[in-house]
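Read-outs throughout are calculated quantities, based only on the coordinates presented, and are distinct from any laboratory measurement. All values reported here derive from a predicted model rather than from experimental measurement.
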Amino acid sequence: MITIPHSLQFVTELDETHPVAKQLLALPTIDQVAMLEAMLKELLAPRIQSALDELNAGNSYATLKVLA
């Protein structure tokens, strides 16, 4: 099977005056991104699985998946 990767991009807008946002912004950028991506995958992927199952039902040539 051949895989075609997608490049969806998400952004997180922060209120830089909020104490939690200040803590996040104090981290190195690579850690900020890793943390936010992990949270997004953990919270979003399970919630869209039923929609993916519905989209993929009966497909004979393509299957849409979320990679963790």
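Structure summary
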| item | result |
| --- | --- |
| Helix-derived mean residue ellipticity, 222 nm - over the chain, DSSP H n ≥ 4, -39500 (n - 2.57), to 500 | -17500 deg cm²/dmol |
| Of every Cα-Cα pair in the range 29-68, the percent that sits beyond 15 Å | 51 percent |
| Where only alpha carbons of the chain are counted, the Rg and the Dmax (Å) | 16.3, 50 |
| Using alpha-carbon coordinates, inclination of helix 29-56 to the longest axis of the chain, degrees | 30 degrees |
